[in-house]
Amino acid sequence: MNDPAVIDRLLREPGRWAVVGLSTNRARAAYGVAAYVQGLGHEIVPVHPRAETVHGAAGYERLTDVPGAVDVVDVFVNSSRAGAVIDDAIAIGARAVWLQLGVTDPAAEDRARAAGLDVVVDTCPKIEGPPRGLR
């Protein structure tokens, strides 16, 4: 289902990743994954209702509040909320959506593909990066 070439390109080409669901809670997966993505050379933008600064990056309440271009929307919300996030990703002109482990919404994924976005589903950059030599 996931195109390995797309995953490779998203992880390797520097980009701006909006991480939806990222907060200062170190126990949440989003916190560690965002640090990993940032360590690969990507800019991260936390998106969370509390709009917290995380890993030195200013946060925003909603994806639609993020100024400037977003390359990848990394989705760390429940599948029941993923469709709205994907619709916002389409609306802001993101290039890709990456749905984390356990996060799926087939209808919204199809909408993203139809809008020309790359879609990665049910995996994690921290899982996909190391086999590609990205640490």
D88 touching a helix residue (DSSP H, G or I) at 6+ places or on another chain (Cβ under 9 Å), without any contact (Cβ under 8 Å) to a residue 40 or more places away in the chain and over 19 Å from N2 (Cβ atoms): yes
Selection count, the stretch 61-74, where residues are touching a residue at least 40 places away in the same chain (Cβ under 8 Å), of a type outside the set (A, V, I, L, M) and farther than 16 Å from V37 by Cα: 1
Residues located in the stretch 14-39, provided they are within 14 Å of the chain's Cα centre (by Cα) and in a loop (DSSP other than H, G, I, E, B): P14, G15, G21, L22, S23
Criterion (touching an Asp or Glu at 6+ places or on another chain (Cβ under 7 Å) and surrounded by 14 or more Cβ atoms within 10 Å (Cβ to Cβ)) met by exactly one of V85, V6, V73: V6
Qualifying residues in the stretch 69-104 (those that are part of a loop (DSSP other than H, G, I, E, B) and charged (D, E, K, R)) - the one farthest from A115 (Cα to Cα): D71
In the stretch 110-135, the residues that are out of contact with any strand residue (DSSP E or B) (no Cβ under 8 Å at 6 or more places or on another chain), among the hydrophobic types (A, V, I, L, M, F, W, C) and in a helix (DSSP H, G or I): A114, I127
Selection within the stretch 41-70 - surrounded by fewer than 21 Cβ atoms within 10 Å (Cβ to Cβ), closer than 25 Å to D110 by Cα and touching a helix residue (DSSP H, G or I) at 6+ places or on another chain (Cβ under 9 Å): R62, T64, A69
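Bear in mind that the values in this text are calculations on the coordinates, not laboratory data. All figures in this text were calculated on a predicted structure; none of them were measured in a lab. Neighbour counts are summed over all protein chains in view; Cβ atoms, including those assigned to glycine, are modelled from backbone coordinates with ideal geometry.
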